[in-house]
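First up is the structure itself, then whatever we jot down about it.
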Amino acid sequence: MAIGSAGQASELRDQALDMFAALPSTIPALNNNIITPEKVDLGKALFFDPRMSASGVFSCNSCHNLATGGDDNMPTSIGHGWQKGPRNSPTVLNAVFNEAQFWDGRAADLAEQAKGPVQAGVEMANTPANVVATLNSMPQYQDWFQASFPEESDPVTFDNFAKAIEAYEATLITPAPFDAFLNGDDNALTEQQKEGLAVFMDKGCAACHNGVNLGGNGYYPFGLIEKPGADVLPPDDRGRFQVTETADDSYVFRASPLRNIDQTAPYFHSGKVWDLEVAVAIMGTSQLGMELNEQEVDQIVAFLGSLTGEMPEVVYPVLPTETLDTPRPTGDVIPN
């Protein structure tokens, strides 16, 4: 369908606004975590500091690289002792708008999420006690925590470590051409992108990929109509079942948010698909029960390109210097 006139664009926008929302112009408020400049700066330092891992090698940015779309562009991430993680690393960009974190939604918010990889044996393999000891060993970190949590007598805690990272990650918002279109700019999308948006809605993609993040806000079986092969849907990863232990949650995953999706290959929780066109076609057959033709796939992929936004400026932080009291790095792998 051609969407050339202002009237047609306005009608398309009205339809889209029933399903999607533009990014807000300000940083969203967090639950029980007031965002301050001091806390954001502290969270940024912690996000980039590899000493938060047992080996001193891996930081949050290792798997959520802000230079490569907020993920690591690997099927599954490499962690402590060069072990491979079980799932593809989701982007951290705009993650504050997800209703829950991780593919299975086991973390309610970004603060809870920040605690997971630090303690995971295949990721950063650290402990809360060792993180706090590391932070307390550096006077500059102590000062930064005190400035970030001024009401607390002992602010260097694992909870506050996570809250600071959450505050920083909440700033990682990428306004895109699609937001400009939703806000009234008919020329923000190309003709092909508008056609792709129409196909995306008409075919039912927006049933799962909706809201401000076009996903991240619901749980659905992967293979709702037709299960993909084991190369895309590994049989030993049962998704949300591992959180709820409810049979109905077998192979159920949180709908992937689609912002910046053309920057974050490979795709799906298994990280097995590198081509976005192939990923779209798989979703057509497995979730919608239909074979999307080549033109429809091209149009949808063009629309997805309109979700790639402007990155906030990222200046690499200068981190506090370790002292003789800083725990030494270790590469020992402890069996799970």
(message) Defining a contact as two alpha carbons under 8 Å apart and six or more residues distant in sequence, what relative contact order in percent does the chain show?
(response) 25 percent
(message) Using the Cα centre of the chain as the reference point, and only Cβ charges (+1 on K/R, -1 on D/E), how large is the resulting charge dipole? Debye, rounded to the nearest 20.
(response) 640 debye
(request) In whole Hz, with x marking every Gly and Pro, tabulate ³J(HN,Hα) for region 66-78 from phi via Karplus 6.51 cos²θ - 1.76 cosθ + 1.60, θ = phi - 60°. (result) 6, 8, 10, x, x, 9, 10, 6, 10, x, 9, 6, 9
(request) Please work out the C-alpha center-to-center distance from region 11-60 to region 73-104 and express it in whole Å. (result) 15 Å
(message) When only alpha-carbon atoms are used, what values of Rg and Dmax, in angstrom, describe region 162-292?
(response) 16.3, 48
(request) Taking the Cα centre of region 252-336 as origin, sum charge times position over the Cβ atoms of Lys and Arg (+1) and Asp and Glu (-1), and report the length of that vector in debye to the nearest 20. (result) 340 debye
(request) Label region 231-336 by shape, choosing from rounded, prolate and oblate, from the square roots a ≥ b ≥ c of the eigenvalues of the Cα gyration tensor; if a/c is under 1.5 it is rounded, and otherwise prolate applies when a/b is larger than b/c, oblate when it is not. (result) oblate
(request) Once you have the Kirkwood Rh of region 93-247 from its Cα pairs, apply Stokes-Einstein at 37 °C and 0.692 mPa s and quote D in µm²/s. (result) 172 µm²/s
(message) Can you give me the long-range amide H partners of residue 20? Hydrogens built in the peptide plane at 1.01 Å from N, cutoff under 5 Å, separation of 5 or more residues or another chain.
(response) 211
(message) With a 1.4 Å probe and all protein chains kept in place, how do 13, 51, 106 rank by accessible area, largest first?
(response) 106, 51, 13
(message) Along the charge dipole of the chain, pointing to its positive end and built from +1/-1 on Cβ of Lys, Arg, Asp and Glu, which listed residue (153, 89, 211) has its Cα farthest out?
(response) 153
(message) Rounded to the nearest 5, what % of DSSP beta bridges with both residues in the chain are antiparallel?
(response) 80 percent
(request) Taking amide H positions as placed in the peptide plane 1.01 Å from N, state which residues far from residue 267 in sequence (5 or more) or on other chains have amide H under 5 Å from it. (result) 272, 273, 274
(request) Read through the labelled values (i) 34, 22, 20; (ii) 37, 24, 16; (iii) 31, 24, 19 and report the label of the one computed as semi-axes √(5λ) of the Cα gyration tensor in Å from the structure. (result) (ii)
(request) Starting with the highest mean, order 288-299, 119-130, 307-318, 52-63 by the number of other Cβ atoms within 10 Å, averaged over the residues of each peptide. (result) 52-63, 119-130, 288-299, 307-318
(message) Can you compute the radius of gyration and Dmax for region 1-49, using only the Cα atoms, both in Å?
(response) 19.4, 51
(message) Quick check on region 228-273: take the gyration tensor over C-alpha atoms, sort the square-rooted eigenvalues as a ≥ b ≥ c, and tell me if it's rounded (a/c under 1.5), prolate or oblate.
(response) oblate
(message) From the helices alone, meaning DSSP H stretches of at least four residues, give me the mean residue ellipticity at 222 nm for the chain, per-run term -39500 (n - 2.57), in deg cm²/dmol to the nearest 500.
(response) -9500 deg cm²/dmol
(message) Positive end of the dipole of the chain, charges at C-beta (+1 Lys, Arg; -1 Asp, Glu), about the Cα centre: which of 121, 196, 269 has its Cα farthest in that direction?
(response) 121
(request) Take peptides 218-224, 108-114, 228-234 and line them up by average Cβ neighbours within 10 Å, highest first, as a rough protection proxy. (result) 108-114, 218-224, 228-234
(request) Assuming a ≥ b ≥ c are the square roots of the Cα gyration tensor eigenvalues, decide whether region 130-215 counts as rounded (a/c under 1.5), prolate (otherwise, with a/b larger than b/c) or oblate. (result) prolate
(message) Over region 66-215, what is the relative contact order in percent, taking alpha-carbon pairs closer than 8 angstrom and at least six residues apart?
(response) 20 percent
(request) Using only alpha carbon pairs under 8 Å that are at least six residues apart, calculate the relative contact order of region 206-296 and give it in whole percent. (result) 31 percent
(request) Any of 194/272; 44/163; 115/163; 115/272; 44/115; 84/272 with alpha carbons more than 19 Å apart? Name them for me. (result) 194/272; 115/272
(message) Show me the ranking of peptides 21-34, 162-175, 132-145 by mean Cβ neighbours inside 10 Å, starting with the highest.
(response) 162-175, 132-145, 21-34
(request) Enumerate the calculated ³J(HN,Hα) couplings along region 171-185 in order (Karplus 6.51 cos²θ - 1.76 cosθ + 1.60, θ = phi - 60°), each rounded to whole Hz, writing x wherever the residue is Gly or Pro. (result) 8, 8, 10, 10, x, 10, x, 4, 5, 4, 5, 4, 8, x, 8
(request) Taking the Cβ of residue 40 as the centre, find all other residues whose Cβ is under 14 Å away and add up their charges (Lys, Arg: +1; Asp, Glu: -1). (result) -2
(request) Please calculate how many Å² of accessible area region 192-316 carries per residue, with a 1.4 Å probe and no DNA, RNA or ligand atoms counted. (result) 44 Å²
(request) Towards the positive end of the charge dipole of the chain, with charges on Cβ (+1 Lys, Arg; -1 Asp, Glu), say which of 79, 316, 32 has the farthest Cα. (result) 79
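The values are calculated or read from the model by the stated rules, or taken from the named source; none is laboratory data. What you see is a predicted model, and the numbers here were worked out from it, not measured in a lab. Glycine gets a Cβ as well: all are built from the backbone with ideal geometry, and neighbour counts include every protein chain shown. Calculation scope for accessible area: heavy atoms of the full protein, side chains included, ligands and nucleic acids excluded. Shrake-Rupley method; radii C 1.70, N 1.55, O 1.52, S 1.80 Å.
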